[in-house]
Amino acid sequence: MRALRAVEAAARHRSFTGAATELGLTHGAVAQQVRGLEADLGRRLFERQGHEMVPTNACAELATAIRQILATLDAALRQAGGRPSTGTLTISTLPAFATRWLIPRLPGFTSRYPDIDVAVRATQELEPPGRDGIVAAIRYGRGPWPGLTARRLFGEQLFPVCAPGFRNGRLPERPADLATLPLLRHPRQPWSPWFQAAGLRLPEPARGPLFSEMSLLLEAAAAGQGIALARAALVEGDLAGGRLVRLFDIDCPDQFAYHLVWRMAEDEDPRLAAFTAWLDDVTAGPPQDDRLHSDRSQGR
């Protein structure tokens with residue numbers, strides 16, 4: 001069981017060090033557990049890529065199965081201990097993330113946990129867990145946040161999008177073409193990182209429509225008003241439905257990521273445990289559990 005937990009945590013973090021921090025072990029202990037399981041299975045579970053330990057396909061499938069089993073055991077233990085997962089779970093998050101990512105996936109949570117009602121509070125204000133019944137919040141930033149536990153859900157890739165009918169369908173063919181086209185702006189999503197990834201020596205746009213909320217930015221792009229720098233998770237529905245098209249095969253990782261945050265006082269809340277387990281399965285990415293402390297300037 002210790003080896004299985006080590007593999008599951010290392011697969012989420014893509015890091016033996018991150019897994020060690022979460023499990024209260026040393027880096028060497030996690031590595032030893034992983035090597036032991038690899039020896040038992042007769043195959044490698046991780047491949048080093050740069051600073052990351054990337055799980056193989058077999059490891060990713062194993063980690064998902066372990067996660068589901070642990071969630072089932074946790075639910076059974078809570079039920080046996082008289083702490084069933086029931087009631088209302090209030091989650092605060094940004095409007096764009098709520099409408100474009102969370103809400104389309106919520107039926108899966110309701111199907112798995114029919115006795116938990118999710119109340120979504122979508123607001124630009126960073127409402128802290130503990131206020132007005134909020135159990136947890138999903139924030140976009142680097143962290144850390146003062147006095148909160150933060151679990152990394154997934155990072156983002158940035159790339160330009162526009163309406164298929166933008167400029168009567170005469171879409172830019174090269175990244176350099178963006179120098180003469182209207183670029184939509186967001187105060188916390190600069191174009192400069194993508195310019196660098198595309199090899200462009202362009203200054204950060206100082207003119208053009210400016211939108212305070214990502215949904216507004218993407219709606220303006222869908223209306224043909226210009227080109228938006230999009231976060232992949234927020235435009236998957238628009239791209240699939242044809243409201244927006246992606247320009248070029250160049251993207252870049254954003255400096256921020258999505259995190260689920262909550263107060264330590266909520267660590268034993270069965271509703272939060274259920275929501276966290278479901279998010280782990282849905283994101284299938286490298287979340288991490290850390291006690292984080294910083295200020296609001298680290299993201300949204």
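The values are calculated or read from the model by the stated rules, or taken from the named source; none is laboratory data. Keep in mind the model is a prediction, meaning the values are calculated, not measured. No Cβ is skipped: glycine too gets one built from the backbone with ideal geometry, and neighbour counts run over all protein chains shown. Calculation scope for accessible area: heavy atoms of the full protein, side chains included, ligands and nucleic acids excluded. Shrake-Rupley method; radii C 1.70, N 1.55, O 1.52, S 1.80 Å.
Things worth noting here:
- Scan of region 36-51 for residues that are open to solvent by 60 Å² or more (accessible area, probe 1.4 Å) and within 16 Å of Glu8 (Cβ to Cβ), ordered by number: Asp40, Leu41
- Contact map, region 220-244: first residue assigned to a strand (DSSP E or B), second residue of a type in the set (Asp, Glu) and open to solvent by less than 40 Å² (accessible area, probe 1.4 Å), Cβ cut-off under 7 Å, separation 6 or more or different chains; pairs are Arg231/Glu156; Arg231/Asp254.
- Listed by first and then second residue, the pairs with beta-carbon distance under 9 Å, at least 6 apart or on different chains, first residue in region 123-145 and open to solvent by 20 Å² or more (accessible area, probe 1.4 Å), second polar (S, T, N, Q) and part of a loop (DSSP other than H, G, I, E, B), are Gln124/Ser212; Arg142/Ser294; Pro144/Ser294.
- Selected residue [modelled with pLDDT under 95, more than 17 Å from Arg167 (Cα to Cα) and part of a strand (DSSP E or B)] from Pro187, Pro253: Pro253
- Residue that is most open to solvent (accessible area, probe 1.4 Å), among those in region 191-214 that are assigned to a helix (DSSP H, G or I) and either touching a residue at least 40 places away in the same chain (Cβ under 8 Å) or among the acidic types (Asp, Glu) (or both): Gln196
- Across region 245-269, the number of residues qualifying as in contact with a strand residue (DSSP E or B) (Cβ under 9 Å, 6 or more places away or on another chain) and either free of Cβ contacts under 8 Å to residues at least 40 places away in the same chain or not charged (D, E, K, R) (or both) comes to 16.
- Summed over region 59-94, residues that are modelled with pLDDT of 75 or more, open to solvent by 30 Å² or more (accessible area, probe 1.4 Å) and part of a helix (DSSP H, G or I) total 8.
- Inter-residue pairs, beta-carbon under 8 Å, first in contact (Cβ under 8 Å) with a residue 60 or more places away in the chain and in region 158-169, second of a type in the set (Asp, Glu) and outside any loop (DSSP other than H, G, I, E, B), 6+ apart: Leu158/Asp254; Val161/Asp238
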